[in-house]
Amino acid sequence: MSAISTSAMPAEKLPAPLVFTLAAGAGLSVASIYYSQPMLDIISKQFNVGIGSVGMVPMLTQAGYALGILLLAPLGDRHDRRTIILIKGLLLVAALLLCGFSGGLNALLIASFVTGLTATVAQDIVPASAALAPERSRGKTVGTVMTGLLVGILLSRVVSGVVAEYFGWRTMYMIAAAAVLLISVALWRVLPRFTPGTSVSYPRLLLSLAHLWQHHQTLRRAALAQGLLSVGFSAFWSTLALMLSQNFHLDSAVAGAFGLAGAAGALAAPLAGSVADRIGPARVTQYGATLVMVSFALMFLLPLLPMPAQLGLIIISTIGFDLGVQATLVAHQTLVYSLAPEARSRLNALMFTVVFIGMATGAALGSLALAHWGWTGVVALSTLAAALALMIRLASRHLKN
C-alpha cells in the first residue's frame, strides 16, 4: 500500500495483509515486555540474586510501559502515527539490545525500564487500526489486531522459555531485537500517512488528558476495571516460572509452555469484538470479568489434588482467565474508542496507563505474595482483584457503558 492520507482510505473492509501486519506489529512489540518472565529463575541464578530482586525486572518493565503510554502515546493525535511507529520501533530495538548486553542486574533493570517505555509502539498500532477500519467493522478489526497483541504477550513466554533454557537468556533479547526491526520496517512500508486529529502543542496535549479523564465516565470505568484484571493477570504470569521451579522442579521451557494455554484464549479476541458489535461491549465486560474471577478461584483447590492434577487445573485456569481478560479488554477498547474519534490516542493512553499500572502493581505484589504466603497468596490476590473488577462492571449493568 502506498503512503496516502487516511482521509483517502475507502470506507470498506481493510485488506487482510494490512490487518495481519498490524496484528504482527502489535504482537512483536508488546512481547518485548514479557520475554523476561519465564527467564527470571535463570537470570536470578546467573546474577546470584533472590526472588524479590529479580522480580523488579518485570515490575520496572511494566512501569516503563505505563509511563510511556501516558507521555508518548498521546503523540499519535498530534503527529503522523506512521512516523511515530517507525521511530519508537527503532528505539525499542536499541533497548532490547541493551538488555541482552547487560553485565549485571542493575544494568538489566535500567534497560528493562527503557524497553517498557519504547514498547508502547504497540499502543500506537492499535489506535491506527481503529482509525483505518470502517465503523461497522471496527470492533472486529480491533479485535483481530488485539489477537496479534495478545498472542504476542502469551507466546512470548513460550519462545523465551525455550530459548533461555537451550540458548541462554541473552540470545532471546537478540532475537527479539531482530524481529522488532523487521516488523517496524514492514509497517513503515504498508501503512498510509495519518492525518493528525489535533494541532495543539505537546504540553496542551498532555493537559487535555485530565479533561478527557474527568469528562468520560465510560473511560474511567473501563480503565479501572481493566486495571484490576491486569493486577491478577500480571501477578500470575510474573510468578509462575518461580513457582513451577520451587514446587514442581520444572524448568523455564515448561514455564514458558504455559503460554500456549493462554494463547488458546487469545484466539477468542476477534469473536469478542464481533459479539461486542452485536450485543454491546458492556455486557461482554461483565461476562469476561466473571470468567476471570472464577478461573482464578478454581486454583484454591490445588492443595486438594495430586501433583499431575494440579498442573492440569493450572492449565484450565490459565485458558479461562486469559480468555476473560482478553475478551474484556477488546470490549473496553470498543467502548473507549467510540467516545471521541479525534482523541483516540489520548483515550487509549489513559486506559492503558491504568492497565499497566495494574500490571506493574501485580508483578510487585505477586512477588511479595509468593515470597510470604506461597502460591495460595498469589491466587488470593488475583481472585480479589478480579472480583473488584466485576463489581465495577456490574455497577453499570443498567447503563450502556
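The values are calculated or read from the model by the stated rules, or taken from the named source; none is laboratory data. For clarity, every value in this text was computed on a predicted model and none was experimentally measured. In this analysis, Cβ positions are derived from the backbone assuming ideal geometry, glycine residues included, and neighbour counts consider all displayed protein chains. These area figures cover heavy atoms from the full protein model, side chains too; ligands, DNA and RNA do not enter into them. Shrake-Rupley method; radii C 1.70, N 1.55, O 1.52, S 1.80 Å.
Here the range 281-316 is the region considered, the condition is being in contact with a Ser or Thr (Cβ under 9 Å, 6 or more places away or on another chain) and of a type outside the set (A, V, I, L, M, F, W, C), and the residue that is nearest to V379 (Cα to Cα) is S295. Yes or no: the range 390-399 includes at least one residue that is closer than 22 Å to W213 by Cβ and touching a Leu at 6+ places or on another chain (Cβ under 7 Å). Among the residues of the range 390-399, at least one is closer than 22 Å to W213 by Cβ and touching a Leu at 6+ places or on another chain (Cβ under 7 Å), which makes the answer yes. Given the condition among the basic types (K, R), open to solvent by less than 50 Å² (accessible area, probe 1.4 Å) and touching a Gly at 6+ places or on another chain (Cβ under 9 Å), answer yes or no: does some residue in the range 149-159 qualify? Within the range 149-159, one or more residues are among the basic types (K, R), open to solvent by less than 50 Å² (accessible area, probe 1.4 Å) and touching a Gly at 6+ places or on another chain (Cβ under 9 Å). Residues in the range 342-401 that are farther than 27 Å from L311 by Cβ and among the polar types (S, T, N, Q) were compared, and the one that is surrounded by the most Cβ atoms within 10 Å (Cβ to Cβ) is S345.
Selection of the range 288-335 for residues being touching a Pro at 6+ places or on another chain (Cβ under 8 Å) and open to solvent by 10 Å² or more (accessible area, probe 1.4 Å) yields T334, L335. When V231 is tested against (1) modelled with pLDDT under 95; (2) under 30 Å from V379 (Cα atoms); (3) among the β-branched types (V, I, T), only condition (1) is not met.
One line per residue, one yes/no per condition, for (1) over 17 Å from L224 (Cβ atoms); (2) modelled with pLDDT of 95 or more; (3) touching a Phe, Trp or Tyr at 6+ places or on another chain (Cβ under 7 Å); (4) of a type outside the set (K, R):
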residue	(1), (2), (3), (4)
V294	yes, yes, no, yes
Q326	yes, no, no, yes
A371	yes, no, no, yes
L399	no, no, no, yes
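The single residue among Y166, Y173, Y202 that is among the hydroxyl-bearing types (S, T, Y), touching a helix residue (DSSP H, G or I) at 6+ places or on another chain (Cβ under 9 Å) and open to solvent by less than 40 Å² (accessible area, probe 1.4 Å) turns out to be Y173. Considering only residues in the range 239-251 that are in contact with a Leu (Cβ under 8 Å, 6 or more places away or on another chain) and either of a type in the set (S, T, N, Q) or part of a helix (DSSP H, G or I) (or both), the one that is modelled with the lowest pLDDT turns out to be A241.
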